[in-house]
Amino acid sequence: MRRTSSAVVALSLLLVAGCAGPVRTDAGYREKANQSALHLLSAARTGVALADIARKGDAFTPYLETSVGDVEDDALAVRSSFATLQPPTPVSDPLRARVDALAEHTTHGLAHLRIGVRRGDMDAVARARAALLLTGDRLDRVVEGTR
Amino acid sequence: MNTGRGGDDTGHGAGPGLPRVMRLGFAVLDRQILDVDGVAVGKVDDVELSWEEGRRPVLSALLTDTGALGPRLSGRLGRTWRTLLGRLRPSGDLPVRIPPDQVHTFTPATRLTRPAPPQTRVVEDWLRTHLIERIPGGGHADSDGQ
Amino acid sequence: MPTVTASSLLGREVVDRSGERVGAVHDIVVRRRDDGGYEMAGFVVGRSALAGRFGYGATLAPPTPLHGLLAWLRRHERYLPWEDVADIGEEVIRASVASADLTPAWRAEPR
Amino acid sequence: MNRLTSFTLGFLTAIGGFLDIGDIVANSLVGARFGMSLAWVIPVGVIGVCLFSEMAGRVTAVSGRPVFDLVRERLGARAGLANLLASSAITLLVFAAEIGGVALALELASSVHYLLWVPVVGFLVWAVIWRLPFERMERTYGLLGLAMVVFAVALWRLGPDWGALWHDALSPAPPSGEDWPTWWYYAIAVFGAAMSPYAVVFFSSGGVEERWSARDLTLQRLNVFFGFPLGGLLALSLMAGAAVLLHPAGIQVDHLSQATLPVVVSLGKVGLVIAIVGFFACTFGAALEAGLATGYGVAQYFGWSWGKSVRPVQAARFHTLLLATVLAGTAIVLTTLDPVKVTEYAIVLSAAALPLTYLPIFIVANDRGYLGDRVNSRFTNIVATVYLFLVLLVAAATLPLMLWTKAGQ
């Protein structure tokens, strides 16, 4: 009983703490940027893998649509929550600009991929793949640089 | 009359038969009650002891049903429990009493020599007639499990 | 005819002749009479709620590596036969003997 | 049915029945994020669940008493009720996670949003519990769950560097960029996924439903001791597939679709179809188990008549409770909480709740009054005591780690 109620309290605390709280230091901001880049990287690389699968005809359209849609939603959520973070000092401004731009590239790339998959347009899928691959590598460098 | 450390001395029936000496909390309390047909009646929610002045107390009844369980869940939880049940069954909530001479064996489950007392089936019967019987297939036996 | 429920006896405090605390009621021992009814034989009294609640001492043996631990937890366990009960009160059960005279094993009771 | 067929069926059921949404999510997620560095937890969990199920199965077969019967009996009315409430709450969460998992598998196959599938799945689960005989229900979903073998085939087709995988598995430390508390937190998740208490409650209650006797004991033991480790191997191949393909790419598993990537990349459409069938069977089967486990627990605590093998009209309270469980579980998923996140919490909390059911079983497995000569052997007792301390440690560490790591973020 006591365990259940404390679990409920813990859960609600986590849900509150999980949402992006205010960031007061540049180091804290870097950590948030690192987390956001990690999630974007995961989304972009998933997009690349799905594009490969689509081009080889290795999966059915409903699967591809759902899978791309899943990571596109993730990337959009990361992008909007990162955009609402206030950089504590101007020192963080370049990092903000970089991650923000890469977030935009990721969501765009995934949107193009989704459109291409749905239309069965393999040229569009190939273009989206190339863009996501490039974005992924850049995100990788951000992740390494903010560790 | 010392029975030593023999098997029937220890509170468990090695087969049918009643133990000579047993611990109530260990061997009786909170055990499943099954009636003569093997139908689950409830748990031994409490045990009643009574005595005549100057005599040893004797085991006078096994108590079951929410009326016996409620007081055991004392504290805040127990009080809530009692209020809740008071609302469900306003007609007084006396526990169901089972005289010890109706017990065939105590462990591992309390087996009775009679069918279940009717009071133990009030909620069960209500739910059956008002809900379960009305869903198609309610009377269907799960033959593979038999 | 006075009645009492087993659950209200379990956990009740037990003191000896001089008022010194022996422990709390862990279990109630009953024995079968020739007429088939069960009568009270005595109380198992102990201090460790953990060991007492699980019911060690009857058919239940502690798992091999925990023998020592359980024996240690049960070191205060005593058997209080009905003959040595002076009074069953609302709060405490009073014994008519000194706690040092009580034996640990409930089964060693002469019957 | 002759003994060999019955053994084969039971054994295959145990392999497929081992996996559920918790195993799928935990092992893929951990493989993608931590490589093989947490692979050691799977054997620890599998040995634990074998031990736990064997004790519970033995007590059930010899005495006919399932888990919550014993919980009430050994812990008493109050502690037993507290135990029941905590266990039921967590099992309900697991049930919701499984329903969400079935809906997600259907979404992958149809691209119809999973929330639209949830009521359908809820109804199907209830209908199967209501009508399908116990043994057929257990076998169908266990056998279909064998489709998860596709993950082992996929791993082999991916052609990993086995030496490197083995080396990673033998270096239990967080990979760069991850800290120790998070690593330990996910170790608990993998442990909780392998050693799920609801499955043991279901297993022992199922023993009563199928009327095991001491004679069935050997068969049950064989099923457990061979089936569960092989199920563990499938869990390991889920983890290894993710470690080989997703970990180097930096892909994290936040969705069921990402867990299917190793199969689709190496086996294409055929692999995808089989994997979706496997997901469906594992999660649907586990939804049935978790739903029934909630009903079993409550009915056993109060001593009601219960079970699928009696006609529903003879177990009205039990079936009303099951109906309420299905409705509550479905409602939890319909709140749009992410089913994958619900799963993560459910497995971690299951691990924390393990002592609640493990301890009473362990105590009773040493009661000669119940088991006569079939009480735990000295060896079993030593191993079981080690696991007792392990589950207590896990239970104590879970909430602090959850808070410290913000649930593994």
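Screening D:V200, D:V298 for residues that are away from chain A (no Cβ under 14 Å) and in contact with a Ser or Thr (Cβ under 6 Å, 6 or more places away or on another chain) leaves exactly one candidate, D:V200. Pairs are defined by a Cβ separation below 7 Å, a sequence spacing of at least 6 or placement on different chains, a first member in the stretch C:50-75 that is under 13 Å from D:A365 (Cβ atoms), and a second member that is surrounded by fewer than 16 Cβ atoms within 10 Å (Cβ to Cβ) and at pLDDT 80 or above; the pairs so defined are C:T64/D:R378; C:T64/D:I382.
So that you can scan it fast, the table gives a plain yes or no per residue for (1) away from every other protein chain (no Cβ under 13 Å); (2) in contact (Cβ under 8 Å) with a residue 24 or more places away in the chain; (3) assigned to a helix (DSSP H, G or I); (4) of a type in the set (D, E):
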{"residue": "D:V59", "(1), (2), (3), (4)": "no, yes, yes, no"}
{"residue": "D:S88", "(1), (2), (3), (4)": "no, yes, yes, no"}
{"residue": "D:L116", "(1), (2), (3), (4)": "no, no, yes, no"}
{"residue": "D:V120", "(1), (2), (3), (4)": "yes, no, yes, no"}
{"residue": "D:I129", "(1), (2), (3), (4)": "no, yes, yes, no"}
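The single condition among (1) closer than 22 Å to D:F68 by Cβ; (2) assigned to a helix (DSSP H, G or I) that D:V270 does not satisfy is (1). Residue pairs whose Cβ atoms lie under 6 Å apart, sitting 6 or more positions apart in sequence or on different chains, and linking a residue in the stretch D:244-262 that is more than 9 Å from every other protein chain (Cβ to nearest Cβ) to a partner that is assigned to a helix (DSSP H, G or I), are D:V244/D:L158; D:H247/D:A32; D:A259/D:I24; D:A259/D:S28; D:P262/D:A154; D:P262/D:G241; D:P262/D:L245. Among the residues of the stretch A:96-133, those that are among the aliphatic types (A, V, I, L, M) and within 16 Å of A:H39 (Cα to Cα) comprise A:V99, A:A101, A:L102, A:A103, A:L110, A:L132, A:L133. Each residue in the stretch B:35-68 was checked for being in a strand (DSSP E or B) and either touching a helix residue (DSSP H, G or I) at 6+ places or on another chain (Cβ under 8 Å) or without any contact (Cβ under 8 Å) to a residue 24 or more places away in the chain (or both), and 15 of them qualify. Checked against the criterion of being farther than 24 Å from D:D254 by Cβ and either of a type in the set (D, E, K, R) or in contact (Cβ under 8 Å) with a residue 40 or more places away in the chain (or both), the stretch A:135-145 has no qualifying residue.
Among the conditions (1) within 14 Å of chain B (Cβ to nearest Cβ); (2) aliphatic (A, V, I, L, M); (3) not in a helix (DSSP H, G or I), D:L292 misses just one, which is (3).
Would you confirm whether or not the stretch D:357-373 contains a residue that is on the phi > 0 side of the Ramachandran plot and within 14 Å of chain B (Cβ to nearest Cβ)?
yes
Are any residues in the stretch C:1-35 of a type in the set (A, V, I, L, M), within 14 Å of chain B (Cβ to nearest Cβ) and assigned to a strand (DSSP E or B), and if so, which ones?
C:V4, C:A24, C:V25, C:I28, C:V29, C:V30
Against the definition (more than 7 Å from every other protein chain (Cβ to nearest Cβ), in a helix (DSSP H, G or I) and out of contact with any Gly (no Cβ under 6 Å at 6 or more places or on another chain)), how does D:F318 come out, yes or no? In short, no. For the stretch D:224-236, the criterion of being within 13 Å of another protein chain (Cβ to nearest Cβ), buried (at least 24 other Cβ atoms within 10 Å of the Cβ) and in contact (Cβ under 8 Å) with a residue 40 or more places away in the chain is met by no residue.
Mind listing just one residue for me: the one in the stretch D:350-386 that is among the hydroxyl-bearing types (S, T, Y) and surrounded by fewer than 19 Cβ atoms within 10 Å (Cβ to Cβ) and, of those, nearest to C:L69 (Cα to Cα)?
Here is the first cut: in the stretch D:350-386, the residues among the hydroxyl-bearing types (S, T, Y) are D:350, D:357-358, D:370, D:377, D:380, D:385.
Those still in the list that are surrounded by fewer than 19 Cβ atoms within 10 Å (Cβ to Cβ) too: D:377, D:385.
Values: D:S377: 19, D:T385: 12 Å.
Per the criteria, the residue is D:T385.
For the stretch D:21-43, give me each residue that is touching a Phe, Trp or Tyr at 6+ places or on another chain (Cβ under 9 Å), not hydrophobic (A, V, I, L, M, F, W, C) and not in a helix (DSSP H, G or I). Listed by number, the list holds a single entry, D:S37. Of all residues in the stretch D:134-176, those satisfying the criterion of being within 14 Å of chain B (Cβ to nearest Cβ) and buried (at least 18 other Cβ atoms within 10 Å of the Cβ) are D:F134, D:E135, D:M137, D:E138, D:R139, D:T140.
Has the stretch A:92-114 got at least one residue that is in contact with an Asp or Glu (Cβ under 9 Å, 6 or more places away or on another chain), of a type in the set (K, R) and either within 22 Å of A:V23 (Cα to Cα) or in a helix (DSSP H, G or I) (or both)? The answer is yes; a qualifying residue exists.
The values are calculated or read from the model by the stated rules, or taken from the named source; none is laboratory data. Treat the numbers as computed from the prediction; the structure is a model and nothing was measured. Ideal geometry is used to build each Cβ from the backbone, glycine not excepted, and the neighbour counts take in all protein chains shown.
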